[in-house]
Amino acid sequence: MKAIVVEEFGDPEVMKLATIDVPAITDGQVLIEVKATSVNRPDIVQREGNYPPPKGESEILGLEVAGVVAEVAPDVTRYAPGDRVMALVGGGGYAEKVMAWEGHLIPIPASMSFEEAAGVCETYITAWLNIFEVGALVNGQAVLLHGGGGGVNTASIQLVKALAPDSTIFVTASPKKLDAVKALGADHVIDYQHENFADVIKAQTDGRGVSVILDHIGADYLAANMKSLAVEGRLVIIGVTSGIKAELNLALMMVKRQRILGSVLRSRSVAEKAGIIERFTAAVLPLFADRRIEVQVDSVLPLEKAADGHRAMQNSQHFGKIVLSVAT
């Protein structure tokens, strides 16, 4: 089968289309004929040599796919060959076929295309898990979402609007994405290049702050994030693009009874991810089925143009998901 391989770490040009063996499945697993996959920030970090896949997972990039079931293990009962599915995978998505665990699959609603479905499992599950389960957002509480226009951010805005409609949504974004983020449903969009988001939030909330912050920036935003948190607020860190070390005012954190929570999806156990996916499916899949939530597809590129997708993400040229179409 055809797949994108990375034989050495580096810039997008290190990704090459090659022919490799089809993965073999074992008990509890399903082989998917991939129709579409997507580009995620962890793919870039892995390509650069800074995010190795968990033990036992494929070295091939790609954490979410959509396609058709090609083969199932004898003990798999929930899916059969020919079923349209989307799946969270630990790696291997940039290929014509990929192995997935039965519990990591979600049926694709008839109303969704493969290209849309390819942007759900890594992105929307990450957003839902960390805002509602880890961050424990309650309807009516204010939330701050960093990275306006990215896949997790666009997913987060939609999910909060649908599942916590009385909540106030603050989003930081670059100047060129402000209007699009606002149109998606954010209540307050902050130009992080020209405004201090902590000052804006203080003014807009009469000094109360927000209850939940979803952050993938890390070190550079820590101080301002803590200033932006309300009493008993929760900062959920899902990425560290600006670095891993920063000073923390422990006295302020103690007085305001704030919490800092770290969260990663990829390294969780098979069983834990299956439980998360089951709960996500019950809570969110109906929203996709009736189009109350629609995946924001920025562009669709052929698999062999994966490097172009990586460059677009690194240069923040996208709004929503960069999808890779897999012709089989």
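Quick notes on this structure:
- On inspection, Gly262 qualifies as closer than 25 Å to Val120 by Cα, of a type outside the set (A, V, I, L, M, F, W, C) and exposed (fewer than 13 other Cβ atoms within 10 Å of the Cβ).
- The one condition in (1) farther than 13 Å from Ile60 by Cβ; (2) part of a strand (DSSP E or B) that Val5 fails to fulfil: (1)
- Among (1) part of a loop (DSSP other than H, G, I, E, B); (2) modelled with pLDDT of 95 or more, the one test that Pro54 misses: (2)
- Tally, over the range 265-284, of residues that are surrounded by 15 or more Cβ atoms within 10 Å (Cβ to Cβ), assigned to a loop (DSSP other than H, G, I, E, B) and not aliphatic (A, V, I, L, M): 2
- Search result, residues across the range 104-119 that are of a type in the set (Asp, Glu) and buried (at least 21 other Cβ atoms within 10 Å of the Cβ): Glu116
Conditions tested, residue by residue: (1) in contact with a strand residue (DSSP E or B) (Cβ under 6 Å, 6 or more places away or on another chain); (2) over 17 Å from Gln258 (Cα atoms); (3) of a type outside the set (Lys, Arg); (4) without any contact (Cβ under 8 Å) to a residue 12 or more places away in the chain.
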{"residue": "Val152", "(1), (2), (3), (4)": "no, yes, yes, no"}
{"residue": "Ser174", "(1), (2), (3), (4)": "no, yes, yes, no"}
{"residue": "Leu178", "(1), (2), (3), (4)": "yes, yes, yes, no"}
{"residue": "Glu195", "(1), (2), (3), (4)": "no, yes, yes, yes"}
{"residue": "Ile217", "(1), (2), (3), (4)": "no, yes, yes, no"}
{"residue": "Ile244", "(1), (2), (3), (4)": "no, yes, yes, no"}
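- Any hit, the range 239-256, residues being outside any loop (DSSP other than H, G, I, E, B) and among the acidic types (Asp, Glu): no
- Matching residues, the range 91-103, being crowded, with 24+ Cβ neighbours inside 10 Å, outside any strand (DSSP E or B) and on the phi < 0 side of the Ramachandran plot: Gly93, Tyr94
- Number of residues in the range 292-315 that are out of contact with any Ser or Thr (no Cβ under 6 Å at 6 or more places or on another chain), over 19 Å from Leu61 (Cα atoms), modelled with pLDDT of 95 or more and of a type outside the set (A, V, I, L, M) equals 3.
- The test for being at pLDDT 95 or above, closer than 23 Å to His188 by Cα and not in a loop (DSSP other than H, G, I, E, B) does not hold for Leu287.
- Residues of the range 240-280 that turn out to be hydrophobic (A, V, I, L, M, F, W, C) and over 19 Å from the mean Cα position of the chain (by Cα), as a count: 11
- Val45 being in the same structural domain as Val65 (by TED's automatic domain parsing), β-branched (Val, Ile, Thr) and within 20 Å of Val300 (Cα to Cα): no
The values are calculated or read from the model by the stated rules, or taken from the named source; none is laboratory data. Bear in mind that the values here come from a model prediction, so they are computed numbers and not experimental data. Note that we place each Cβ from the backbone using ideal geometry, even for glycine, and neighbour counts take in every protein chain shown.
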